[in-house]
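This report refers to the structure that appears directly beneath it.
The values are calculated or read from the model by the stated rules, or taken from the named source; none is laboratory data. This is a predicted model, so every value here is computed, not measured. Glycine also receives a Cβ, built like all others from the backbone with ideal geometry; neighbour counts cover every protein chain displayed. Remember, those area values only see protein heavy atoms, side chains included, never the ligands or the DNA or RNA. Shrake-Rupley method; radii C 1.70, N 1.55, O 1.52, S 1.80 Å.
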Amino acid sequence: MDLISKLTEIFRRFPGIGPRQAKRFVYHLLTQSASDRKELAELITELSGLVKTCSRCFRFYTSNEKAKSIRECPICADPHRARESLMVVSRDVDFENIEKSGGFNGLYFILGGSVPILEKEPMKRIRIRELIERLRAETDEPVREVILALNLTPEGENTQEYVLREIAAELKDKAPKLSVLGRGLSTGLELEYSDADTIKNALKNRY
Ligand SMILES: [Zn+2]
């Protein structure tokens, strides 16, 4: 496979990118200056060294500290965040948009995906075990409320039902209060694309 085909193949694996768009990316890169391409390549290389996964919320964050034994992101490490409130989201992009809305001051947990309808092994799709461990473990700073902030799409709702069921089954009477985002007027809401007011309203109207 030649270089152009190889790169096209890599771009094609990106979310929402088809073969034609992938090829357009490659040709776009070819029109850029050599130094721009070099910068891109260097940034991508740095991702493996400087971007880490938080051991508490599992989100990706940039850290300049090398080989730190406890990997905690700035939000989980921030003493001013309300630690009794845990917001569960599917992906980092959802976290970013909610955080940008400024409507929430608690902590987060990234599930790492969602559960498609009729999925036989949902536990392999999302970090459900890690979430339950997290809820069990924090006895000194107990989580009193879990807010599920998942997309209001069929797959998001399927994920929500699964997570609620698992928490209730595993933690029984020790389960924290469980809330889900209010729907408001929008169905088919995707958090990644929601504006700050929609997110704040959905949070305010959680139930
Ligand atoms: Zn974190």
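In whole percent, what relative contact order does the chain give with Cα contacts below 8 Å and a gap of six or more residues? Before the final figure, lay out the partial values.
Working: 275 pairs, mean separation 33.8, N = 207.
So the answer I get is 16 percent.
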Divide by every residue of the chain the summed helix terms, -39500 (n - 2.57) for each DSSP H run of at least 4, and state the resulting mean residue ellipticity at 222 nm, rounded to the nearest 500 deg cm²/dmol. -13500 deg cm²/dmol
Treating the Cα atoms of segment 17-95 as identical point scatterers in vacuum, please give the log10 of the normalised Debye intensity I(q)/I(0) at q = 0.17, 0.20, 0.25 Å⁻¹, two decimals. -0.85, -0.96, -1.17
What is the Cα centroid distance between segment 15-37 and segment 91-162, reported in whole angstrom? 33 Å
Of Lys52/Lys120; Lys52/Lys124; Lys52/Lys100, pairs whose Cα-Cα distance is over 25 Å: Lys52/Lys120
For the chain, build the charge dipole from Cβ charges (+1 Lys, Arg; -1 Asp, Glu) around the Cα centre, then report which of Pro122, Ile132, Tyr162 sits farthest towards its positive end. Pro122
Taking every pair of Cα atoms in the chain, average 1/r, invert it to obtain the Kirkwood radius, and report Rg/Rh to two decimals. 1.02
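Given R₀ = 41 Å, FRET efficiency for Gln21-Glu141 by Cβ-Cβ distance, to 0.05?
Working: r = 45 Å, r/R0 = 1.10.
The value I calculate is 0.35.
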Could you check the spin-label model distance between Thr62 and Lys100? Points 7 Å from the Cα along Cα→Cβ, value in nm. 1.5 nm
Segment 99-207: equivalent-ellipsoid semi-axes (sqrt of 5 x gyration tensor eigenvalues, Cα, Å): 22, 18, 12
Convex hull volume of segment 1-60 per residue (C-alpha atoms, cubic angstrom): 106 Å³
Accessible area of the chain divided out per residue, in Å², using a probe of 1.4 angstrom: 62 Å²
Whole-percent carbon and sulfur share, accessible surface of the chain, 1.4 Å: 53 percent
